[in-house]
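The structure appears below as structure tokens.
No lab work stands behind these numbers, since they all come straight from the coordinates. All values derive from a computational prediction rather than experimental measurement. Virtual Cβ from ideal backbone geometry, glycine too; neighbours counted across all protein chains shown.
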């Protein structure tokens, strides 16, 4: 038998290093492409469908009507820092943030009724820093800011009512799912809940080191709050009863989560302060990292927001760039200007698994292929494949009846490619 790995001791050492890396998160070779690089830092992105979207940041509002292939830019002043954007439809939308006036910071709301062609500015002098907005229709919306203040409008943002929540922390996010039920998050590990349209708030505290940055509710019961710190494990809390109680998830992400978006109770996406776009298919417990084409000069990525217009079309923005994904049609992988697709190893399905599971992989050129399953300690358990393959997509169904409950790793090795992923067997 021709062995692809001739030195078993070297293989075990290499695999052990790979295991240390993938024990944090696996890398997914898929579907995110760089749409735009600009000198402006972007903080928030919103799409009303798969074509029409907006992004905001330092002194700029960007607009696209072709899914992010091209963008137009409108300047709103170099002293303006916009932190959040939302649209009710293709014409009506809002962007919030702060404006520096000398040594004074003033909260600002920009409103458009023509899809971003023009914007009307409103000042909120009672708050110097506005962080997030949430609208449930064309008239009713809420804004969070500093000192625990929340502002509410019932006339589309022309006038705002300031509400004292009882918190004195900076509130970083707000999310309402209807006229009555809403939540806000802030520094100091605080989650605020309202059931009367934001007029009164109850406060729950989860430790001063749990700084919350992102909030997302699918409906009035199921929601996620995310955050953390730069040099620690990420923090994710989940509720299934509308925020009456919260479960802290032991996830595998590191660093502060800046934003998150969930398609359903299992599938979600997030971006972290430490860089990268991540996906979960386990309701937030386990996350995979997407492979991103490196920036020129090897600059690191710093993302601030991620948003999906539907389950297949998503965008992420950060410190001078916009990325997009089209899960239905896929995105051609580009390396050094040459289009094509790389050899890649996909996550086994299902995972966790019990009796059987399926492993899929793609090969870009004729090559020898080895597919092996290893124990957590690096011992070879099962040699699934060891032969030559032509370019194409392949799948193998694995019988797991002889496997014990535990964590395993499967590794794909070709003449020019190697990748390892984690598999969990449960009984």
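Data overview
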item	result
Principal-axis tilt of helix 8-22 within the chain, Cα atoms, nearest 10 degrees	10
Burial ordering of 149, 311, 238, fewest other beta-carbon atoms within 10 Å first	311, 238, 149
Most mobile of 234, 194, 72 in a GNM of the chain (Cα contacts under 10 Å)	72
Residue order, fewest to most beta carbons within 10 Å, for 403, 394	394, 403
D_trans [Stokes-Einstein, Kirkwood Rh over alpha-carbon pairs] for the stretch 30-332, 10 °C, 1.306 mPa s, µm² s⁻¹	83
Span per principal axis, largest first, for the Cα atoms of the stretch 176-241 (Å)	38, 21, 15
Relative contact order [Cα under 8 Å, 6+ residues apart], the chain, whole percent	12
Longest to shortest principal axis, alpha-carbon extents of the stretch 55-132, angstrom	40, 21, 19
Cβ-based exposure ranking for 36, 82, in which fewest neighbours within 10 Å come first	36, 82
Of all DSSP beta bridges in the chain, antiparallel share, percent nearest 5	95
For the stretch 63-205, fraction of C-alpha pairs farther apart than 21 Å, in %	42
All-pairs alpha carbon distance profile, the stretch 146-196, 10 Å steps from 0, percent	24, 56, 19, 1
Full-extension gain in nm, residue 100 to residue 196, via 0.36 nm per residue minus C-alpha separation	31.2 nm
Simple label model, 7 Å out from Cα along Cβ direction - residue 33 to residue 377, nm	4.7
Spin-label pair residue 384/residue 312, simplified geometry with 7 Å Cα→Cβ offset, distance in nm	2.7
The chain, helix-only ellipticity at 222 nm - DSSP H runs n ≥ 4, -39,500 (n - 2.57), divided by all residues, nearest 500	-1000 deg cm²/dmol
Globularity ratio of the stretch 125-216, using Cα Rg and 2.2 N^0.38 Å	0.98
